[in-house]
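Peer 1: First the structure, then my questions, so here it is.
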Amino acid sequence: MYLVSNTVRPVPGRLAEATSVIERLYETMKPQPGFGSARLLHSLAEPGLYLISIRWESRAASETWRTSEEREAQIRDRAPDSACDTSPGGRGYRCRWRR
C-alpha cells in the first residue's frame, strides 16, 4: 500500500467549487489500475483546511496516475484563480468524503 496526502485550503466562499474539482480528480483516479480509495478530511482545528488522503496499491500505480494524460489535462484546464490553495497540514481531521 502507498498513501498520498495533500492539504488544501478552499478559497473562502468557494467550497462547493473546490469540492467539485476534488470530485473530478477522484473520477479520474477511480478507474486507474492500483487505485484503492480516497478520503477528504476536514480539520477540526482549522475549519478552512482539508486533507486529501489517497491510497494506492503501490508507488508505481500512484506515479502512473500522476503522470497520466487525464490528470495533466485537468491541471492544464484549471483556472488560474483556483478554488483551492495548497497549504501546510494541521492536526485533528474528521472524515467527510469517500471511504
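The values are calculated or read from the model by the stated rules, or taken from the named source; none is laboratory data. Small disclaimer: the values here were computed from a predicted structure and weren't measured. With ideal geometry, Cβ positions are generated from the backbone for all residues, glycine too; neighbour counts draw on all protein chains shown.
Peer 1: Using the structure shown, decide if residue 95 is modelled with pLDDT under 85 and either exposed (fewer than 13 other Cβ atoms within 10 Å of the Cβ) or acidic (Asp, Glu) (or both).
Peer 2: yes
Peer 1: Another one. Within the stretch 1-18, which residues are within 22 Å of residue 72 (Cβ to Cβ) and without any contact (Cβ under 8 Å) to a residue 60 or more places away in the chain?
Peer 2: Hit for the stretch 1-18 is 4, nothing else.
Peer 1: Take residue 64 and decide whether it is modelled with pLDDT of 90 or more and not basic (Lys, Arg).
Peer 2: So residue 64 fits the description; yes.
Peer 1: Separate question: Assess whether residue 81 counts as being at pLDDT below 90, part of a loop (DSSP other than H, G, I, E, B) and among the acidic types (Asp, Glu). Before the answer, list the steps.
Peer 2: Working: at pLDDT below 90: yes; part of a loop (DSSP other than H, G, I, E, B): yes; among the acidic types (Asp, Glu): yes.
Yes, satisfied.
Peer 1: Determine if the stretch 39-55 includes at least one residue that is free of Cβ contacts under 8 Å to residues at least 40 places away in the same chain and either in contact with a helix residue (DSSP H, G or I) (Cβ under 7 Å, 6 or more places away or on another chain) or over 24 Å from residue 14 (Cβ atoms) (or both).
Peer 2: Among the residues of the stretch 39-55, not one is free of Cβ contacts under 8 Å to residues at least 40 places away in the same chain and either in contact with a helix residue (DSSP H, G or I) (Cβ under 7 Å, 6 or more places away or on another chain) or over 24 Å from residue 14 (Cβ atoms) (or both), which makes the answer no.
Peer 1: Out of (1) within 10 Å of the chain's Cα centre (by Cα); (2) assigned to a helix (DSSP H, G or I); (3) aliphatic (A, V, I, L, M), what's the single condition that is false for residue 51?
Peer 2: So residue 51 meets the others, but not (2).
Peer 1: I need a count of the residues in the stretch 6-43 that are loosely packed, with under 15 Cβ neighbours inside 10 Å, more than 12 Å from residue 65 (Cβ to Cβ) and modelled with pLDDT of 90 or more.
Peer 2: Number of matching residues: 1.
Peer 1: In addition: Out of all the residues in the stretch 1-16, which are small (Gly, Ala, Ser) and part of a strand (DSSP E or B)?
Peer 2: 5
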